[in-house]
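Below you'll find the structure, written out as structure tokens, and then a few comments.
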Amino acid sequence: MASKDKTTGLWIAQWYEIDVYGKKKRHKKRGFRTMREAKQYESAAVLKETGNMDMCLRDFVEQYFSDKENELKERTVKNKRYMLEQHIIPFFGELKMNEITPVQITKWQNEMYKKGFSDSYLRMINNQITALFTHACRIYDLGNNPCKRVKRMGKNSTRALSFWTFDEYERFISEFEKTDKYFVLFEILFWTGMRIGEVLALTKGDIDFEKNQIFVSKTYHRMDGKDVITSPKTEESNRVIDIPNFLCEEIKDYCNKKYGFPDDARLFEISTRAVEKTLELNRVKAGLKHIRVHDLRHSHASYLINQGVDALVIKERLGHKDIKITMNTYGHLYPNEQKKVADLLDANRTNKKES
């Protein structure tokens, strides 16, 4: 159906698609230099429309993001696109989805290993191609998922968990005046385990000063030079966190000093980078080991574990999607209970014999 534009001399691709109401609608795409390019575009468009897995991976990537437009956050799309464009499309972009084999996936993985990426980054890259083929199988009936027959790259966790103990945190926070906004911010991070984006999105309206609770319903990040507020990382991240009275009073005092401050304005109108620089500067002053801002979340979890708090409670407090995430991250911090089990079984056996 390709035709030539008599005015510009360029070619026009034309094809039909069925909309959600079952109506056939013609589409056009102008500006192709040759008839061949226009027809190639038409063919790719028809394959997308029918969900035919003869389409090349490059085109399926666009279909994937189109299907996920109401599911993935803008920042997530940006990160996924970067990894796909840098590490996957250069290898598989022109190959048909239904012709990519486990052998090709393996060869690609070997090339990725040669680049010297960390295990965690390798796992992230591998997750992107796996997500594509999982979607193709689930939605478009691709008969064979080559990723299922290949071992995944990287490991779930290769970096030792970094955190401060309560005593180390006390040394750190003593570097701040209690009137300093960073004092209140770091107090919230340590005593709630909230993510930095969640804290930076907090407003006065998110604090219930009577019930001593924080309502987490959004997160902040900086993207393309703009401040962006979105919903939290997962559905489970929407949560209510009970906070100790002293922390509630610290937040209240901070809010009271901001006279006339609107309930819907951010409590901390600063960037993540500013928080990172402040943490680094003051941890050096306190003579403490290096940790990231996110590690204050780990510090909160390790403190709770040390106090004997159940893993399920920690899961809810941190807003983890699944208890597996909590246990995979912090399970090794729990004391080994095997000896207690053995003693219990031994005592039960002895009591039974005596009776």
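The values are calculated or read from the model by the stated rules, or taken from the named source; none is laboratory data. The structure presented is a predicted model; accordingly, all values stated were derived computationally and were not measured. Reconstructed Cβ throughout: ideal geometry from the backbone, glycine too, with neighbour counts over all protein chains shown. These accessible areas exclude ligands, DNA and RNA; they are computed on the full protein's heavy atoms, side chains included. Shrake-Rupley method; radii C 1.70, N 1.55, O 1.52, S 1.80 Å.
Projecting the Cα positions of Val275, Pro244, Ala265 onto the charge dipole of the range 236-288 (unit charges on Cβ atoms of Lys, Arg, Asp and Glu, taken about the Cα centre) puts Val275 furthest along the positive direction. The length gained on full extension between Ser66 and Ile323, counted as 0.36 nm times the residue separation minus their Cα-Cα distance, comes to 89.4 nm. Sequence gap of 8 or more, or different chains, plus Cα separation below 17 Å: how many lysine pairs satisfy both in the range 138-270? Lysine pairs meeting both conditions in the range 138-270 amount to 14.
What's the FRET efficiency of Leu333 with Arg292 using the Cβ-Cβ distance as r and R₀ = 22 Å, to the nearest 0.05? According to the calculation, E is roughly 0.80.
Secondary structure note: in the chain, about 100% of the DSSP beta bridges are antiparallel. With each label modelled as a point 7 angstrom along the Cα→C-beta vector, the Arg36-Arg349 pair spans 7.9 nm. Computed from the C-beta positions of Phe209 and Thr179, the FRET efficiency with R₀ = 25 Å rounds to 0.85.
Note on the chain: dipole from Cβ charges, positive end direction compared against Leu161, Val216, Gly193; the farthest Cα belongs to Leu161. Here each label is just a point 7 Å from Cα along the line to Cβ, and for Lys257 and Lys115 those points are 4.6 nm apart. The range 174-248 and the range 106-149 have Cα centres lying 35 Å from one another.
Solvent-accessible surface of the chain, averaged per residue with a 1.4 angstrom probe and all protein chains in place: 60 square angstrom. With both labels modelled 7 Å from their Cα along Cα-to-Cβ, the Lys107 to Phe166 distance reads 5.9 nm. Extension gain, Glu99 to Val313: 0.36 nm times the residue separation minus the Cα-Cα distance gives 72.4 nm.
Evaluate E = 1/(1 + (r/R0)^6) for Ser3 and Thr272, where r is the Cβ-Cβ distance and R0 equals 45 Å; express this FRET efficiency to the nearest 0.05.
On the way: r = 52 Å, r/R0 = 1.15.
The value I calculate is 0.30.
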